[in-house]
Amino acid sequence: MIIVGLYIVLVIIVVVALNLLQNKRNKKYKNILDKLEVEKNIIDSTPISLEISKIKTFLKNDKLDASLSNWEGRFKDIRTNQIPKITDMILEADYSLKQQDYKSTVFKIAKLEMEIYKVRTNTEILLDEIKEITSSEERNRAIIIKFKALYRELYDKFEKNKIEYGEVANSIMLQFENISKRFEAFEITMENNEYTEVTKIIKSIDEMLKHMQIVIEEVPPIVLMATNIIPKKIEQITNIYKEMVSEGYPLDYLNVDYNVDEANKKLNDIMDRTKVLNLEDNLFELKVLLDYFDSLFNDFEKEKADRKVYDELVEAFINKKNKIADLVSDIFSQMDDIKNVYNLSDNDINLLNDVRKELDNLNEDYNILNGHTSNNTFAYSKLIKEIEGLSLRLNNIEERLDSSLDALGSMKEDELRARQQLEEIRGILKDSKNKMREYNFPVIPEYYYTQLSEASSAIKDIVEELEKKPITISVLNTRVDTARDLVLKLYGATKELLKTAMFAENAIVYGNRYRVIDDTNKNLTYAEILFYKGEYQKSLETTINCLNKIEPGIYNKLLKFYE
């Protein structure tokens with residue numbers, strides 16, 4: 001029983017829920033249909049018949065009569081066909097809803113919405129077309145009042161500055177008269193209720209006034225530039241051009257004469273178009289002409305500045321070229337003597353020959369450039385680039401020549417330095433010999449004579465190399481380095497030999513006081529024998545070793561005494 005009871009309750013709940021959902025659905029679609037019916041009623045209440053009745057009160061021409069017939073036919077179709085069709089579609093959709101055929105209801109609502117949209121659009125278009133006539137007088141009057149105010153404003157501005165319009169003033173006056181006639185045509189058309197023509201007249205007046213605004217603004221500057229500013233610039237340009245040509249400036253590349261003729265033709269064309277109030281691109285073309293002649297002034301000034309720069313570059317080029325040419329000429333005039341004095345390499349000689357050849361080629365190219373300059377063929381800006389190129393080549397020639405001169409100068413310097421060092425080496429050798437005479441050596445060691453002979457022979461080699469023609473600098477430098485090393489070695493040996501001999505002698509003299517001792521006497525006698533044989537170092541060592549046994553530290557004592 002409990003289960004049965006629960007089942008019954010559940011069924012009741014489901015049924016109630018389904019009924020609630022169905023009612024909600026029915027209510028939703030019913031609301032949609034009600035809104036669509038309201039929209040239909042709004043379309044049906046559009047005041048088209050009222051507007052048509054207004055037109056009938058002033059119907060006076062065939063064109064308007066034809067339009068009225070068309071509007072009445074379209075309005076009748078909306079009332080008798082289109083709106084009733086919407087009513088039927090609403091009833092059909094409502095019937096499907098009552099039958100709970102929701103799929104059909106949704107489809108019919110969609111078709112109904114599309115039909116209402118179409119009819120509403122037709123109605124609105126028709127009403128707008130009719131109102132275009134019924135409200136045209138008030139609207140058109142308001143537009144014409146604004147146009148007349150603009151007309152008076154433009155006319156007053158023209159009259160106050162009439163002199164600025166020059167020859168174009170008569171054309172402007174005629175255009176003002178044409179606009180005034182269009183205002184008269186508007187009044188006649190409105191009086192005859194020819195509303196379809198009024199729109200065309202208003203549009204033409206609007207276009208004429210807009211054009212007149214442009215005319216009033218642009219004609220004064222056009223007239224000023226075309227009849228005053230640019231002609232004066234042309235006159236100035238022509239005078240400056242003739243003056244500069246007479247002074248030798250190459251200005252053919254600017255085509256001034258041709259461009260001036262073309263500019264005058266363009267000015268005449270612009271003025272002809274302006275007189276008929278055709279202003280399209282006139283200001284732009286005048287500005288282009290003005291910019292062109294301003295650029296010509298800049299070109300003239302640049303040409304003057306470039307000429308000054310060119311003259312300075314040419315002067316510097318000629319001075320340097322002549323200086324280098326004279327130097328090269330001097331070198332080749334002394335080439336035989338240079339070859340006799342110095343052993344030049346083939347590379348050195350070829351380098352000098354190349355320099356002379358390049359200098360000749362450079363001189364030929366400069367003569368060609370100078371010919372172009374005198375013929376006034378090229379602008380100075382181009383001539384500057386040419387002379388700069390020649391100057392660069394001249395600098396390269398100068399660098400190569402300097403390199404050759406540095407080589408020759410280095411040879412000369414090496415020769416002078418060798419002669420100076422020869423004197424210094426001879427002086428050191430002389431000092432060495434003089435020092436040997438300061439002390440009465442019993443015997444001079446054999447090695448000393450060998451070193452003396454080597455040093456003397458090396459000096460002789462320097463003298464012989466200096467007397468050769470041509471001189472080979474590399475060999476000469478080798479001879480000088482060798483002689484200097486040998487003489488310095490001899491000088492060092494001289495000082496060392498002198499020091500050792502004197503030290504040995506003094507040591508023997510000091511040790512004589514101890515000869516009473518047998519061993520000491522024997523060693524000192526042996527040291528004397530070594531001394532007279534010229535073996536001074538061994539003599540000194542023998543004496544020091546002997547005395548050190550008697551008097552420790554004797555070496556330092558004798559060294560102080562010696563010093």
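The values are calculated or read from the model by the stated rules, or taken from the named source; none is laboratory data. For clarity, every value in this text was computed on a predicted model and none was experimentally measured. Every residue, glycine as well, gets a Cβ built from its backbone with ideal geometry; the counts of neighbours run over all protein chains shown.
Given the structure, is Thr274 at negative phi, outside any loop (DSSP other than H, G, I, E, B), crowded, with 19+ Cβ neighbours inside 10 Å and of a type in the set (Ser, Thr, Tyr)? Answer is yes for this residue.
Okay, residues lined up against (1) closer than 30 Å to Asp94 by Cα; (2) modelled with pLDDT under 85; (3) not in a helix (DSSP H, G or I):
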{"position": "Tyr117", "(1), (2), (3)": "yes, no, no"}
{"position": "Glu124", "(1), (2), (3)": "yes, no, no"}
{"position": "Glu129", "(1), (2), (3)": "no, yes, no"}
{"position": "Glu132", "(1), (2), (3)": "no, yes, no"}
{"position": "Asn140", "(1), (2), (3)": "no, yes, no"}
{"position": "Ile144", "(1), (2), (3)": "no, no, no"}
{"position": "Tyr151", "(1), (2), (3)": "no, no, no"}
{"position": "Glu164", "(1), (2), (3)": "no, no, no"}
{"position": "Ala169", "(1), (2), (3)": "no, no, no"}
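Of all residues in region 433-469, those satisfying the criterion of being in contact (Cβ under 8 Å) with a residue 24 or more places away in the chain and within 16 Å of Met502 (Cα to Cα) are Lys435, Met436, Glu438, Tyr439, Phe441, Pro442, Val443, Ile444, Pro445.
Screening Glu207, Glu184, Glu177, Glu194 for residues that are of a type outside the set (Lys, Arg), loosely packed, with under 12 Cβ neighbours inside 10 Å and modelled with pLDDT under 90 leaves exactly one candidate, Glu184. Cβ-Cβ contacts under 7 Å between residues 6 or more apart (or on different chains), taken from a first residue in region 483-504 that is farther than 17 Å from Thr542 by Cβ to a second residue that is of a type in the set (Val, Ile, Thr) and surrounded by 14 or more Cβ atoms within 10 Å (Cβ to Cβ), are listed as Ala483/Ile425; Ala483/Ile459; Ala483/Ile462; Arg484/Ile425; Val487/Ile425; Val487/Ile428; Leu488/Ile428; Tyr491/Ile428.
Residues that are more than 30 Å from Leu394 (Cβ to Cβ) and hydrophobic (A, V, I, L, M, F, W, C) do not occur anywhere in region 305-318. The condition (being farther than 23 Å from Lys131 by Cα and not assigned by TED's automatic domain parsing to the domain that holds Leu68) is satisfied by just one residue among Glu197, Glu191, Glu187, Glu159: Glu159.
Taken as a whole, the structure places Thr199 among residues that are modelled with pLDDT under 90, surrounded by fewer than 16 Cβ atoms within 10 Å (Cβ to Cβ) and outside any loop (DSSP other than H, G, I, E, B). For Glu285, the requirement of being under 21 Å from Val215 (Cβ atoms), of a type in the set (Asp, Glu), modelled with pLDDT of 80 or more and touching a helix residue (DSSP H, G or I) at 6+ places or on another chain (Cβ under 8 Å) is met.
Scan region 425-457 residue by residue and report those that are among the hydrophobic types (A, V, I, L, M, F, W, C) and over 15 Å from Lys533 (Cβ atoms). If the condition is that a residue be among the hydrophobic types (A, V, I, L, M, F, W, C) and over 15 Å from Lys533 (Cβ atoms), then Ile425, Ile428, Leu429, Met436, Leu452, Ala455 are the ones that fit. Listed by first and then second residue, the pairs with beta-carbon distance under 8 Å, at least 6 apart or on different chains, first residue in region 375-395 and at pLDDT 75 or above, second of a type in the set (Ser, Thr, Tyr) and in a helix (DSSP H, G or I), are Leu383/Tyr310; Leu383/Thr373; Ile384/Tyr310; Ile387/Tyr310; Leu390/Tyr366.
Whether a residue is touching a Ser or Thr at 6+ places or on another chain (Cβ under 8 Å) and within 16 Å of Leu289 (Cβ to Cβ) was assessed, and Ala226 passes this test. Filtering region 94-114 to residues that are surrounded by fewer than 17 Cβ atoms within 10 Å (Cβ to Cβ) and in a helix (DSSP H, G or I) leaves Tyr95, Lys98, Tyr102, Lys103, Ser104, Val106, Phe107, Ala110, Lys111, Glu113, Met114.
When you look at Lys35, is it at pLDDT below 70, charged (D, E, K, R) and farther than 17 Å from Glu124 by Cα, yes or no? No: the conditions fail for Lys35.
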